[in-house]
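K.L.:
Input: one structure, supplied below.
The values are calculated or read from the model by the stated rules, or taken from the named source; none is laboratory data. No experiment lies behind these values; they were computed from the predicted model shown. Please note: Cβ atoms are built from the backbone with ideal geometry, for glycine as well, and neighbour counts cover all protein chains shown. Ligands, DNA and RNA are stripped out before the accessible areas are found, and what is left, the full protein with its side chains, is counted by its heavy atoms. Shrake-Rupley method; radii C 1.70, N 1.55, O 1.52, S 1.80 Å.
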Amino acid sequence: MDLRTLAAFIFDLDGCVYAGSTLLPGVNEVLRVLGAAGRRILFLTNNSREDGAELAAKLRRLGVAADRHEVLSAAEAAGSFVAQRFGASRVLAVGSPTLLRLLAEAGHTLVPLDAGDQPQVVVMGHDAEFTYRKLARLARALGKGAAFVAVNRDPQLVIEGGEFLPGCGALVEAVAAASGVRPEIVGKPQPYLFRAAVARLGVKPGEAVMVGDSLLADIQGAQRLGLRTIWLAPPGAQADVVRPDLTISAFAELMAHLGAHTAR
Ligand SMILES: [Mg+2]
């Protein structure tokens with residue numbers, strides 16, 4: 001893969017740009033080289049809790065100069081996903097206050113958790129206050145025919161020190177098991193968020209490269225849409241089913257590739 005031919009670089013966030021609230025080494029150097037070479041940048045995350053403004057603020061706190069329009073989260077895409085699939089809907093949602101606000105801003109009517117009102121669509125984001133009561137409410141709504149949309153299906157959230165927290169996907173699986181209904185997914189590896197990303201960048205899929213740590217969500221998902229891929233892999237890890245265009249174990253390796261290609 002010749003990095004000189006690529007107009008846009010798309011970076012995953014969790015486990016790629018940062019782990020929890022720790023910026024990974026070499027990120028800023030790579031971004032500086034890309035910026036100097038006139039490449040477009042987008043941070044593309046399955047984050048179901050925060051929008052671009054909140055995530056850009058986090059990036060700035062970590063020392064990365066990012067504008068809100070340079071970050072696109074699955075939470076931000078959820079409202080338009082539901083609108084495109086089902087029109088303006090009565091939505092029963094669990095997740096962060098930001099996700100609920102974004103759904104309302106996209107024209108949907110939020111159905112209260114505590115009432116018995118039947119929604120048209122159930123939407124799930126990561127919910128650190130998930131309870132058995134919520135599980136029952138969501139599963140029953142699905143049992144009565146509501147459509148099921150999950151912002152992402154990531155089983156784990158990467159945090160510092162190699163640790164993880166149960167992710168949105170873990171909660172989604174509980175609801176899917178209880179209801180017998182499988183969700184549609186807004187985020188990676190499904191195509192909706194990738195399409196939104198290349199649309200925002202104003203490039204063709206083949207002009208963009210996805211850089212991420214998840215072989216399934218980032219690499220396989222991006223390849224299906226025709227994007228090029230760079231896998232940030234644990235040292236020694238081998239890609240099996242999916243074949244990234246380039247595998248690196250640290251951003252310093254990407255610098256070497258960029259340096260070789262941008263110096264002339
Ligand atoms: Mg990741």
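K.L.:
Answer with yes or no whether GLY52 is farther than 30 Å from ARG32 by Cα and either open to solvent by less than 70 Å² (accessible area, probe 1.4 Å) or at pLDDT 95 or above (or both). Lay out the reasoning, then the answer.
P.N.:
On the way: farther than 30 Å from ARG32 by Cα: no; either open to solvent by less than 70 Å² (accessible area, probe 1.4 Å) or at pLDDT 95 or above (or both): yes.
So GLY52 does not fit the description; no.
K.L.:
Assess whether LEU72 counts as being under 19 Å from the mean Cα position of the chain (by Cα) and of a type outside the set (Gly, Ala, Ser).
P.N.:
Yes.
K.L.:
Now for a separate question. Which of the residues spanning the stretch 150-164 are in contact (Cβ under 8 Å) with a residue 12 or more places away in the chain and open to solvent by less than 80 Å² (accessible area, probe 1.4 Å)?
P.N.:
Scanning the stretch 150-164 gives ALA150, VAL151, ASN152, ASP154, LEU157, VAL158, ILE159, GLU160.
K.L.:
Here is a follow-up. Given the stretch 121-231, what strands (runs of 3 or more DSSP E) lie entirely inside it while holding 2 or more residues that are within 15 Å of the ligand (Cβ to nearest atom) and closer than 27 Å to PHE9 by Cα? I'd like the intermediate steps shown before the answer.
P.N.:
On the way: elements: 121-124, 147-150, 156-158, 164-166, 208-212.
Those strands (runs of 3 or more DSSP E) span 156-158, 208-212.
K.L.:
So is PHE43 over 11 Å from LEU258 (Cα atoms), at pLDDT 95 or above, in contact with a Lys or Arg (Cβ under 8 Å, 6 or more places away or on another chain) and buried (at least 22 other Cβ atoms within 10 Å of the Cβ) or not? Give the derivation first.
P.N.:
Values: over 11 Å from LEU258 (Cα atoms): yes; at pLDDT 95 or above: yes; in contact with a Lys or Arg (Cβ under 8 Å, 6 or more places away or on another chain): no; buried (at least 22 other Cβ atoms within 10 Å of the Cβ): yes.
Considered against the rule, which asks whether it is over 11 Å from LEU258 (Cα atoms), at pLDDT 95 or above, in contact with a Lys or Arg (Cβ under 8 Å, 6 or more places away or on another chain) and buried (at least 22 other Cβ atoms within 10 Å of the Cβ), PHE43 comes out as no.
Let's see how each residue does on (1) out of contact with any strand residue (DSSP E or B) (no Cβ under 9 Å at 6 or more places or on another chain); (2) surrounded by fewer than 21 Cβ atoms within 10 Å (Cβ to Cβ); (3) touching a residue at least 24 places away in the same chain (Cβ under 8 Å); (4) closer than 24 Å to ALA147 by Cβ:
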residue	(1), (2), (3), (4)
VAL175	no, no, yes, yes
PRO191	yes, yes, yes, yes
ARG195	yes, yes, yes, yes
ARG200	no, yes, yes, no
GLN220	no, yes, yes, no
ARG224	yes, yes, yes, yes
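K.L.:
Quick check on my filter: what residues within the stretch 202-218 are open to solvent by 50 Å² or more (accessible area, probe 1.4 Å) and in contact with a strand residue (DSSP E or B) (Cβ under 9 Å, 6 or more places away or on another chain)? Quick ask: steps written out before the conclusion?
P.N.:
Initially, the stretch 202-218 is screened for residues open to solvent by 50 Å² or more (accessible area, probe 1.4 Å), giving 202, 204, 207, 216.
Residues satisfying the conditions are GLY202, GLU207.
K.L.:
How about the stretch 108-128: which of its residues are open to solvent by 50 Å² or more (accessible area, probe 1.4 Å) and within 21 Å of the chain's Cα centre (by Cα)?
P.N.:
So in the stretch 108-128, the residues open to solvent by 50 Å² or more (accessible area, probe 1.4 Å) come out as 109-110, 112, 114, 116-118, 120, 128.
Result: ALA128, single match.
K.L.:
Return a yes/no flag: does the stretch 32-41 have any residue that is under 28 Å from VAL151 (Cα atoms), within 16 Å of the ligand (Cβ to nearest atom) and either under 19 Å from the mean Cα position of the chain (by Cα) or of a type in the set (Phe, Trp, Tyr) (or both).
P.N.:
Within the stretch 32-41, the subset under 28 Å from VAL151 (Cα atoms) is 40-41.
Next cut, within 16 Å of the ligand (Cβ to nearest atom) only: none.
No.
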